[in-house]
Amino acid sequence: MKVDIADIPAHGLQLNITKDGDELQAIAGAVDFTMLPPVSANLSLSKTDGEVLIDGNMAAVIKQQCARCLKQFEQVINSKIDIVYTIEPEHIKKEKELTNEDLSSNYLEGSEIDINAVLFEQLSLDIPMQPVCKPDCKGLCPKCGADLNQRKCSCPATEQIDQRFAKLKELKLNKK
């Protein structure tokens, strides 16, 4: 879904979007998660002289793989969307040194905003880098591969000592 900047009225534009996730998944290409229907968003678009502001929220359910036990699980993502696009005039498209303010700005080329791309970008930012199915997931045994959430494995517990700190094990504390 694309919105032409010229179509945004002075009082702003309200969008209530419900998608099945296929359009956003098509934008995503090959990613480590799958969007489950529905993906919903309530957005408010407004424009000023040189900027377009997008404010709202989005809710989605994604299916991904746990980083500890490798099982598939579903996670609800609720995102707050607050984006400012600076409309880049055609005559300013020359090379210049970037400032810190430039690095935190979004520049809009052309006269349209791709809402699907905005939703996917925000969703991508809110997905955890190391997703876990539950906070206390024990993961897999590094030796035999058993799922430690299901059962305790029979591997002998070996203490891994960093050789740089091995001498500290010899230290005896005086008890009074």
| said: When you check V3 against the structure, is it out of contact with any Gly (no Cβ under 9 Å at 6 or more places or on another chain) and either modelled with pLDDT under 80 or over 30 Å from A146 (Cβ atoms) (or both), yes or no? | reply: yes
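Of all residues in region 31-57, count the ones that are closer than 19 Å to K2 by Cβ and among the charged types (D, E, K, R).
The total comes to 3.
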| task | Within region 75-117, work out how many residues are of a type outside the set (S, T, Y), modelled with pLDDT under 75 and more than 24 Å from the chain's Cα centre (by Cα). | result | 11
| field | Cβ pairs under 6 Å, 6+ apart, first in region 109-136 and more than 15 Å from I17 (Cα to Cα), second among the hydroxyl-bearing types (S, T, Y) and surrounded by 16 or more Cβ atoms within 10 Å (Cβ to Cβ) | value | D126/S79
| Checking G21 against (1) under 21 Å from N106 (Cβ atoms); (2) surrounded by 14 or more Cβ atoms within 10 Å (Cβ to Cβ); (3) modelled with pLDDT under 85; (4) small (G, A, S), which single condition isn't satisfied? | (1)
| query | Tell me, which residue of region 57-74 that is loosely packed, with under 14 Cβ neighbours inside 10 Å and closer than 10 Å to L36 by Cα is modelled with the highest pLDDT? | reply | E74
| request: Check region 8-17 and report whether any residue there is under 15 Å from E121 (Cβ atoms) and surrounded by fewer than 16 Cβ atoms within 10 Å (Cβ to Cβ). | output: no
| request: Kindly provide the set of residues from region 38-74 that are in contact (Cβ under 8 Å) with a residue 24 or more places away in the chain, closer than 30 Å to G139 by Cβ and within 18 Å of the chain's Cα centre (by Cα), ordered by number. | output: V39, A60, V61, I62, K63, Q64, Q65, C66, A67, F73, E74
| field | For K152: the one exception among (1) more than 32 Å from the chain's Cα centre (by Cα); (2) touching a residue at least 40 places away in the same chain (Cβ under 8 Å) | value | (2)
| If you take the residues in region 123-176 that are at pLDDT 85 or above, aliphatic (A, V, I, L, M) and not in a loop (DSSP other than H, G, I, E, B), which one is surrounded by the fewest Cβ atoms within 10 Å (Cβ to Cβ)? | L125
| query | Which condition breaks for A30 when tested against (1) within 30 Å of Y107 (Cβ to Cβ); (2) at pLDDT 90 or above? | reply | (2)
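The values are calculated or read from the model by the stated rules, or taken from the named source; none is laboratory data. These numbers come from a predicted model, not from an experiment. Virtual Cβ from ideal backbone geometry, glycine too; neighbours counted across all protein chains shown.
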